[in-house]
Each structure stands twice: as structure tokens, then as C-alpha cells.
1. Highest mean first, what order results for 177-186, 64-73 on Cβ atoms within 10 Å?
2. Give me the count of lysine pairs in region 68-175 whose alpha carbons sit under 16 angstrom apart, restricted to pairs 8 or more positions apart or on different chains.
3. Taking the Cα centre of region 35-192 as origin, work out the dipole magnitude from +1 charges on Lys and Arg Cβ and -1 charges on Asp and Glu Cβ, in debye rounded to 20.
4. Pull out the extension gain between Ala152 and Ala187, defined as 0.36 nm times the separation in residues minus the alpha carbon to alpha carbon distance; nm, one decimal.
5. What is the calculated FRET efficiency for Val173 to Leu121, with r their C-beta to C-beta distance and R₀ = 22 Å, to the nearest 0.05?
6. Calculate how large, on average over all directions, the projected area of the Cα convex hull of region 109-169 is; give the answer in nm² to one decimal.
7. How do Asp159, Asp116 rank by accessible surface area computed with a 1.4 Å probe, from largest to smallest?
8. By accessible area of protein heavy atoms, probe 1.4 Å, what ranking do Met192, Met78, Met125 get, highest first?
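The values are calculated or read from the model by the stated rules, or taken from the named source; none is laboratory data. The structure displayed is predicted, hence computed values, not measured ones. Cβ atoms come from the backbone with ideal geometry, glycine included; neighbour counts cover every protein chain shown. Only protein heavy atoms, including side chains, enter the accessible area calculation; ligands, DNA and RNA are left aside. Shrake-Rupley method; radii C 1.70, N 1.55, O 1.52, S 1.80 Å.
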Amino acid sequence: MFKKLRNKIALLRAILGSTVIKNLIAEEQGVQAQGRQKYYTDAVRKQVGETGTNLHVNNSCEFLGKVSFGNNCNFNGMRVLGNGEVHFGDNFHSGIECMIITQNHNFNHGTAIPYDDTYELKKVMIEDNVWFGNRVTVVGNVTIGEGAIIAAGAVVTKDVPKCAIVGGNPAKVIKYRDIEHYESLKAQGKFM
């Protein structure tokens, strides 16, 4: 058994290089030593400027650009790509493999076709108590209203109203939450 494992490691070293393998082993040892959630939460705190209290990161995440978090944000696999701006409100929750894109190639006013080497930066505002299902994609310059739910696999290309449940590509309003019930829970401070 150990011989097979050594052979696999030797093969990986040959393919990836010993430095990559050492880094992967060190990362896994770090995860085991600190606990998965603490390890990923600490890594995210190093990536972003402003974080609220009670941040929970349960899986590998990447945050580029200007990113800020409210209180009680929970991530299970989020990538914010580009040099634009994203603000996550309080009590945000994400599924796995979610992505927010905050820049795009300059194709309308650039100096070359299909695009040039400049970018248009985007801003995404996510208000309080928003929940993303798995594999949600958000394209910049949108606001996602308070209490909204973004269904798994949705591609958000325009603003989402308060308490709307949206899904599809492009995402469209499917229905709305029971706003009276939502407001009652909010008034009682019943946050997950």
C-alpha cells in the first residue's frame, strides 16, 4: 500500500514539480492542523479589506478587487473575479461554486476587435439576508435586494428586487418570499 502511495507521489512530482507538491501538502497539513473552517476563514480575511463579525468560510474561496463583508457572512465556495467592487450585506449565505464577475473586456469603446487590453470595472451590491444557491453567477453592475434568494445555477445580469426568488439564465423573478413572515423573523432577530 505504501509503495503504491510513494509511486503516486513520485508521479505527481514528475508532472507538477516538487514545489507544487510541497505547497499542496503544506496546505492540507495547515487545514488539518487549524480546522478547515478556521483555515479558510483566516485565508479570506487576508484577501479582503473589510470584514464584519462572525465570518464563516467553509470551503476554498477567492476574493479579488475591492470586497467588503457585513456581519454573519457564510461562504461555501465563492470566487469574486476582477478588480471591481463587491459588498456583501449582513447574513449572506452562499452555496458551492458561486462566482461574481466585476470586470469585462472593453469591447464597445476599445481600440481593437474583439476587445482591447483595457477593462470596464463593475460594482455589485448585495443587501442583507441574501442567499445564493449552488453555482450562481453574477455579472457586474447589479444590486441584489434585501432578502432575495438566487436559485442554483442562476445567472444574474440585472437588479433583483427585495425578497424576490430568481432563477434561470438570465435570472428572472419566479416568485416572492412571504414578506410579512420575512419582516416578522427579521424583527425578532432570527438570523442563521
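1. Values: 177-186: 12.2, 64-73: 19.8.
So the peptides 177-186, 64-73, ranked by packing, come out 64-73, 177-186.
2. For region 68-175, qualifying lysine pairs total 5.
3. Values: 16 positive and 16 negative charges, 73 e Å.
Using only the charged Cβ atoms, the result is roughly 360 debye.
4. Value of the extension gain: 9.8 nm.
5. Plugging the Cβ-Cβ distance into 1/(1 + (r/R0)^6) gives 0.20.
6. 4.8 nm²
7. The ordering from most to least exposed comes out as Asp159, Asp116.
8. Solvent-accessible surface, decreasing: Met192, Met125, Met78.
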